[in-house]
Amino acid sequence: MQYLRFALLILCVTSSDRGSAQDAPVEFLNPEQAIAKMTVQEGFNVRAFAAEPDIVQPFAFTFDDRGRVWALENLNYETRGSDKYDAGPQGRIIILEDTDGDGQADKKTQFGDKFLFPTGIALGFGGVWIGSPPNLLFIPDRDGDDQPDGPPEVVLEGWARNDRHETLNSFLWGPDGWLYGCHGVFTHSLVGVPGTPESEREPINAGVWRYHPTKKKFEVFAWGTSNPWGLDFDNHGQMFVTACVIPHLWHMIQGGRYHRQAGSHFSPYVYDDIKTVANHRHKSAHGGARFYLADSFPEKYHQRLFMCNIHEHAVLTDRLKRKGSGFEGEHGDDFVLCNDEQWVGFNMEIGPEGAVYVLDWHDADICGNRILHGETGRIWRIAHDTTTAPAPFNLTKLSDAELVDMHLHANDWYVRQARRLLQERAVAGTLAAGTQTSLRQLLTHEQTPRRLRGLWTLHCTGGADDDLLVSLLDHDDEYLRAWSIQLLAESQDVSPQILAKWSAMAADDPSPLVRLYLASAMQRVPVNERWPVVSALAQHEEDRDDHNLPLMVWYALEPAVPTDLPKALAIAKTAKLPKLATYIAMRIAGGSKPIAQPAASPSTPLTKKPAAAKSVSNEALVLWFKSDAVATDADNTVEHWNDTLRNGRQATPSGIESRPKRVDDLAGRAALMFDGKDDHLAVPHDSELAYGPADSFSVSAWIHLDAATSGWKGLVTKGRDQSPWYGMWIDPNGKWAFGGGGNVVGKATRAGWQHVCIVQTGGQDRCVYVDGDLTGRGPVAAADGKGDLWIGGAKSTNEFFRGGISEVRVDRRALNHAEVVRLAEEN
């Protein structure tokens, strides 16, 4: 394309347009200037495959089976909290093609326009699949002429857009023939095929989902994380996602419940969730995820996970190594540093020639709170100097036999395309005789990834029957055994013979990965049939500290506990996984019905307020900041806040700029005033302030607001940077919240003084009290992270509070309701 057109664009950009989110000037770089500023690993080069004005506001892209790029332009986007929805569909789908192999697109075709807020794209089964909340759409193009055959068809509905960054995204065909995607935590969707009653829809607000293109079935694959915007499978079929805000790297297992940035798990009996596999941290946030499963890069990059880091304006890599049933993620290198504050990469692909392609939204407001550049967008191509573009091709023209042979290709891009094409032909009934026989021969290949490729495509084409899968349960390859378990469980109709085999494997299989897949599969069989397998899995003492297995076994066991208490207690008595005994006791104590807030308005008390207790014992009080124990300088700026209970323990500011002010009379009470920008006080970690799910504790404070507020605000928060954390927050909807391990939400905030108390009763529940009223209740969770306790904010998230705080206390016990009322009535 002719990048001389940038001269006109640059002349049209005003100084205010070039401002960052804080209105600081940011230099606008055309593609050539941007490439010149990049720091690139030796031996690699970067080209602008496409850039404005040929692509604008890009949200997602993918390759077709001819090696062309299909990209979504989301012209309905306005901010993460608003959109141009009322203007009607504005989005476009464009096809970009590099016809001369020089690494730059020189041909552009518009497939269609008038698509509402397009967020994710996949190609296959005779058309185009796009996310367009509230719908997942299928746009038919069965004749392959690059024009829609008719109007979009609504495949699924109920996708919300509360946060426009966190709706359905990152579409990818999985090795099992399902369409996978991600979904963020602050958007609350109820998904189903058109016409499904709301009560029968699947809720999702953080996690990974999947949809089968021919079975017309939707499932949530795994729950949790934050705003995942990147998903891929490694060469053994292990799923990983990259996420924003919280730790960036997650190994996702079917049925897993993962640490959440906010909100509660749908089940109150999760008790604890699976944490990141990364042993390092990057700046937030991340987007895009692709394993390098090609061969044009040097060998050290093979199998690495490539990802975009938005705040570092970089492409990073991580190395994954096996650890028990899962993995540990190590930092690989900073592959490309863009050194450009307007670079906003959040989607990526590996191309057919083995280059890495990166989608760049390109705007100075990297968090998307407003659009400063409404006519920008780029796709970068990062290639090794020895990489050459392939000659023009069209995989749809290949025979079935040629597509089977392609399963041995060094670039997994071709394998994925071949698998989908064979799946489509099997569905259409045109698969050539002998194709599945040839695929079975791959099961004897000496390399595990090649064996798995054969197994997956056999499954997608209907050639992996139960007899084959059962025979593979005795294979010496742990990955083949594991995947055979998952595929046998897919129908959720498992025979008694298979369950008996699984019970034996649960007891004797030496692979923790296989045991992990058995625990996962148990969530897909009837509850009353899980006991033998779960009981056997509970006997593996070597799994007690495994990253995944104790929790995955619990997720399978939990629904069965109230159905047969003698069996549950027998497992609790003999289990070699200590967490199971603890959680079984908690589950029994919690009763057979979920502990959940009723449907009534959250302003309605959950229980009748009792009379105030005559006194509140300080026997288990472990921290007490009283309003008269503040050391200030001459202008009432706080130097430290002394703990009345422990001589020498203080809450101190991190610097001069972050000091709150002491006010002698704030509406009748002495208080510390926090500015909502950076004011906070910190107390170093102390084991007295860390609690497990079986521990009881209480945190209370007087809080003053000038007006009702919203958006995450940290009041008294412990370990926010080191999970599992806990604390007292105001949530995005302006409600008091017991945060950490799944938030428990209380009533809405209001102006003036309010007494807020959060209480965990170990093994039972968590409660949020406001002015003595019980206004929220939910499940217990771990809260034993080793981070600092902050007052006035939350470490690492900038969730600073604006207002007054007085009389902070932490008790290592659960205050009863009458005691809370007493504290709320004290002046």
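Roughly what angle does helix 412-428 make with the longest principal axis of the chain, taking Cα atoms, 0 to 90 degrees, to the nearest 10?
80 degrees
For the range 272-417, what D do you get in µm² per second when you plug the Kirkwood radius from alpha-carbon pairs into Stokes-Einstein at 37 °C and 0.692 mPa s? Could you put the intermediate results ahead of the total?
Details: Rh = 17.1 Å.
Calculated translational D: 192 µm²/s.
Cα gyration tensor of the range 690-827, axes a ≥ b ≥ c as square roots of the eigenvalues: rounded (a/c below 1.5), prolate (a/b > b/c) or oblate?
On the way: a/c = 1.56, a/b = 1.10, b/c = 1.42.
Because a/c hits 1.5 or more and a/b fails to exceed b/c, the range 690-827 counts as oblate.
Take the Cβ-Cβ distance between residue 640 and residue 311 as r, set R0 to 30 Å, and report the resulting FRET efficiency rounded to the nearest 0.05.
Numbers: r = 32 Å, r/R0 = 1.07.
After rounding to 0.05, the efficiency reads 0.40.
How many nm separate the modelled label positions at residue 97 and residue 199, each set 7 Å beyond the Cα in the direction of the Cβ?
The two pseudo-label positions are separated by 5.3 nm.
Accessible area of residue 467, 1.4 Å probe, to the nearest 10 Å²?
Surface open to solvent at residue 467 totals about 120 Å².
How would you rank 196-206, 292-302, highest first, on the average number of other Cβ atoms within 10 Å across their residues? Could the numbers behind the result be given before it?
Details: 196-206: 15.6, 292-302: 17.3.
Result, highest mean Cβ count within 10 Å first: 292-302, 196-206.
Which of the lysines could be linked to residue 84 by a straight reach, that is with a Cα gap under 17 Å, when you skip same-chain ones fewer than 8 residues away?
Straight-line reach from residue 84, under 17 Å: 114.
With only Lys, Arg, Asp and Glu charged, each at its Cβ (+1 for the first two, -1 for the last two), find how big the charge dipole of the chain is about the Cα centre; round to the nearest 20 debye. Could the numbers behind the result be given before it?
Details: 82 positive and 108 negative charges, 463 e Å.
Using only the charged Cβ atoms, the result is roughly 2220 debye.
Can you give me the long-range amide H partners of residue 207? Hydrogens built in the peptide plane at 1.01 Å from N, cutoff under 5 Å, separation of 5 or more residues or another chain.
Close amide H contacts, sequence-distant or interchain: 183, 224.
Starting from 0.36 nm per residue, how many nanometres of slack lie between residue 339 and residue 542 once their C-alpha separation is accounted for?
On the way: separation 203, 0.36 × 203 = 73.08 nm, distance 4.65 nm.
Result: 68.4 nm gained on full extension.
List the residues whose amide H sits under 5 Å from the amide H of residue 622, counting only those 5 or more places along or on another chain, with H placed 1.01 Å from N in the peptide plane.
Result for residue 622 returns 810, 811, 812.
Could I have the simple spin-label model distance between residue 106 and residue 816, label points 7 Å from Cα toward Cβ, reported in nm to one decimal?
Once both label points are built, they end up 8.3 nm from each other.
With a ≥ b ≥ c the root eigenvalues of the C-alpha gyration tensor of the range 22-132, is it rounded (a/c under 1.5), prolate (a/b larger than b/c) or oblate?
Numbers: a/c = 2.28, a/b = 1.17, b/c = 1.95.
Taking the square roots of the gyration eigenvalues as a ≥ b ≥ c, the range 22-132 is oblate.
Residue 267 to residue 588: extension gain in nm, 0.36 nm per residue of separation minus the Cα-Cα distance?
Working: separation 321, 0.36 × 321 = 115.56 nm, distance 1.48 nm.
Between residue 267 and residue 588, full extension yields 114.1 nm more.
What number, in percent, do you get for the relative contact order of the range 197-340 if the mean sequence gap of Cα pairs under 8 Å and at least 6 apart is divided by its residue count? Each step should come with its number before you reach the end.
On the way: 308 pairs, mean separation 24.5, N = 144.
Relative contact order of the range 197-340: 17 percent.
Just to confirm, what accessible area per residue do you get for the chain at 1.4 Å probe, in whole Å²? Numbers along the way, then the final one.
Numbers: 30180 Å² over 827 residues.
Result: 36 Å² of accessible area for each residue.
Pop out the ³J(HN,Hα) list for the range 651-656 in order, Karplus 6.51 cos²θ - 1.76 cosθ + 1.60 with θ = phi - 60°, rounded to Hz; leave Gly and Pro as x.
Working through the residues one at a time gives 9, 10, x, 7, x, 4 Hz.
State whether the range 480-594 is rounded, prolate or oblate according to the following rule on the C-alpha gyration tensor (a ≥ b ≥ c being the square roots of its eigenvalues): a/c under 1.5 gives rounded; otherwise a/b larger than b/c gives prolate, and the remaining case gives oblate.
Details: a/c = 1.90, a/b = 1.33, b/c = 1.43.
Verdict is oblate for the range 480-594.
Relative contact order for the chain: what percent, with Cα pairs under 8 Å and sequence separation of 6 or more? Display every interim value, and only then the final one.
Working: 2080 pairs, mean separation 74.7, N = 827.
Once divided by the residue count of the chain, the mean separation gives 9 percent.
Among 728, 406, 45, which residue has its Cα furthest toward the positive end of the charge dipole of the chain, with +1 on Lys/Arg Cβ and -1 on Asp/Glu Cβ?
The listed residue farthest towards the positive side: 728.
Quote the FRET efficiency, to the nearest 0.05, computed for residue 84 versus residue 214 with a Förster distance R0 of 45 Å and r equal to the Cβ-Cβ distance. Walk me through the numbers before you get to the answer.
Details: r = 35 Å, r/R0 = 0.77.
Calculated transfer efficiency: 0.80.
Place +1 on the Cβ of every Lys and Arg and -1 on the Cβ of every Asp and Glu in the chain, take the dipole about the Cα centre, and give the residue among 746, 352, 461 whose Cα lies farthest towards its positive end.
Of 746, 352, 461, it is 746.
Taking H placed 1.01 Å from N in the peptide plane, check which residues at least 5 places from residue 666 or on another chain put their amide H under 5 Å from its amide H.
671
Keeping all protein chains in place and using 1.4 angstrom, which order do 97, 27 fall into by accessible surface area, from largest down?
27, 97
Which entries in the list 501/573; 677/713; 626/661; 608/747 go over 19 Å, if you measure between the two C-alpha atoms of each? Working shown, then result.
Details: 501/573 25 Å; 677/713 11 Å; 626/661 15 Å; 608/747 15 Å.
Pairs exceeding 19 Å: 501/573.
For helix 478-489, what angle does its Cα long axis make with the longest principal axis of the chain, in degrees from 0 to 90 and rounded to 10?
Rounded to the nearest ten degrees, it is 80.
From the phi angles alone, apply the Karplus equation (6.51, -1.76, 1.60; θ = phi - 60°) to the range 739-749 and give each ³J(HN,Hα) in whole Hz, x where the residue is Gly or Pro.
Coupling constants for the range 739-749: x, x, x, x, 6, 9, 9, x, 7, 6, 6 Hz.
Using +1 at the Cβ of each Lys and Arg and -1 at the Cβ of each Asp and Glu in the chain, identify which of 103, 553, 656 lies farthest towards the dipole's positive end.
553
Could you give each residue of the range 699-706 its phi-based ³J(HN,Hα) in whole Hz, using Karplus coefficients 6.51, -1.76, 1.60 with θ = phi - 60°, and x for Gly or Pro?
Values, residue by residue: 10, 9, 6, 8, 10, 10, 10, 6 Hz.
Within the range 302-388, which trypsin sites (Lys or Arg not before Pro) sit in a loop by DSSP and count at most 16 neighbouring Cβ atoms inside 10 Å? Could you put the intermediate results ahead of the total?
Details: sites: 304, 319, 321, 322, 323, 370, 378, 381; in loops: 304, 370.
Sparse-neighbourhood loop trypsin sites (Lys or Arg not before Pro): 370.
Each label point is 7 Å from the Cα along the Cα-to-Cβ direction; what then is the distance between the points at residue 39 and residue 471, in nm?
Using points 7 Å along Cα→Cβ, the separation is 5.5 nm.
When only C-alpha pairs under 8 Å and at least 6 residues apart count, what is the relative contact order of the range 608-737, in percent? Before the final figure, lay out the partial values.
On the way: 172 pairs, mean separation 17.7, N = 130.
In percent, rounded to a whole number, it is 14.
Enter the angle in degrees (range 0 to 90, nearest 10) between the Cα long axis of helix 512-522 and the first principal axis of the Cα atoms of the chain, meaning the one along which they spread out most.
80 degrees
Highest mean first, how do 451-458, 488-495 rank when packing is the count of other Cβ atoms within 10 Å averaged over residues? Could the numbers behind the result be given before it?
On the way: 451-458: 25.2, 488-495: 16.4.
So the order, starting with the most tightly packed, is 451-458, 488-495.
The values are calculated or read from the model by the stated rules, or taken from the named source; none is laboratory data. Source: prediction; values computed, not measured. We place every Cβ from the backbone using ideal geometry, glycine too, and count neighbours over all the protein chains shown. The protein model used for the area step is the full one, side chains on, heavy atoms only, and it has no ligands, DNA or RNA in it. Shrake-Rupley method; radii C 1.70, N 1.55, O 1.52, S 1.80 Å.
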